[in-house]
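The values are calculated or read from the model by the stated rules, or taken from the named source; none is laboratory data. Because the structure is a prediction, the values reported are computed rather than measured. Cβ placement follows ideal geometry from the backbone for every residue including glycine, while neighbour counts extend to all protein chains displayed.
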Amino acid sequence: MSEIKSDVTWHEGSVSRSERWRQFGLHGCSIWLTGLSGSGKSSLCDAVSVELLKRKVPFSVLDGDNVRHGLSADLSLSESDRRENIRRLGEAALLLADAGLVVLVAAVSPFAVDRDKVRMRHETVGLQFHKCLLMRRHDSSTDSSEDLRRSSGSIGAL
């Protein structure tokens, strides 16, 4: 994550997160679904969304593809832009989780170091972060983790 400039100060509001969450019965967290394209990240987010809605749990979905239509529309698919996209997704997830929502993130996030930064950022501010790796089914007898490493040299380190 980028460094914060020394002249930028975090403003603490008068109402704490714990007061907000207690008042409204909330408990936010981020659930990060990652895997290769076609592994079912968005489909699983959709299914979990239906269940959360039935249970009246406030949530939001940040789909990596959808975010690229707005928040990350200025980014390409280069390695540096992919890293920036994950940073932006992580910060958006953090803000929504802080507001008390269960945040479902569906994103190809191939670099473990970037996911770790997002996780550490959540932990630093006292928010839960859960990562879930989805793998595609293969008709062949090829080991899926080997296939992941071959398909994207860095995603195998999930």
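Scanning for something under 24 Å from Val125 (Cα atoms), surrounded by 10 or more Cβ atoms within 10 Å (Cβ to Cβ) and at pLDDT 95 or above, does the stretch 10-17 turn up at least one residue? Among the residues of the stretch 10-17, not one is under 24 Å from Val125 (Cα atoms), surrounded by 10 or more Cβ atoms within 10 Å (Cβ to Cβ) and at pLDDT 95 or above, which makes the answer no. Considering only the stretch 60-83, I want to know if a residue exists there that is touching a helix residue (DSSP H, G or I) at 6+ places or on another chain (Cβ under 8 Å), over 17 Å from Arg115 (Cβ atoms) and assigned to a helix (DSSP H, G or I). Yes: the stretch 60-83 contains one or more residues that are touching a helix residue (DSSP H, G or I) at 6+ places or on another chain (Cβ under 8 Å), over 17 Å from Arg115 (Cβ atoms) and assigned to a helix (DSSP H, G or I).
From the list Ser49, Ser39, which residue is of a type in the set (Ser, Thr, Tyr), under 15 Å from Cys132 (Cβ atoms) and assigned to a loop (DSSP other than H, G, I, E, B)? The match here is Ser39.
Are any of the residues in the stretch 2-14 free of Cβ contacts under 8 Å to residues at least 12 places away in the same chain and among the aromatic types (Phe, Trp, Tyr)? Looking through the stretch 2-14, at least one residue is free of Cβ contacts under 8 Å to residues at least 12 places away in the same chain and among the aromatic types (Phe, Trp, Tyr).
Listed by first and then second residue, the pairs linking a residue in the stretch 56-78 that is of a type in the set (Lys, Arg) to a residue that is surrounded by 12 or more Cβ atoms within 10 Å (Cβ to Cβ), with Cβ atoms under 8 Å apart and 6 or more places separating them unless they lie on different chains, are Arg68/Leu75; Arg68/Asn85. Here Val118 qualifies as buried (at least 19 other Cβ atoms within 10 Å of the Cβ) and either modelled with pLDDT of 95 or more or over 17 Å from Ile31 (Cβ atoms) (or both). Checked against the criterion of being closer than 19 Å to Ser18 by Cβ and crowded, with 22+ Cβ neighbours inside 10 Å, the candidates Ala106, Ala97 yield just one match: Ala97. All conditions but one from (1) assigned to a helix (DSSP H, G or I); (2) modelled with pLDDT under 90 apply to Ile4; the one that does not is (1). Checking Leu26, Leu33, Leu89 one by one, the residue that is closer than 26 Å to Thr124 by Cβ, of a type in the set (A, V, I, L, M, F, W, C) and in a strand (DSSP E or B) is Leu33 and no other. Looking only at residues in the stretch 38-69 that are small (Gly, Ala, Ser) and loosely packed, with under 13 Cβ neighbours inside 10 Å, the one that is farthest from Ala92 (Cα to Cα) is Gly38.
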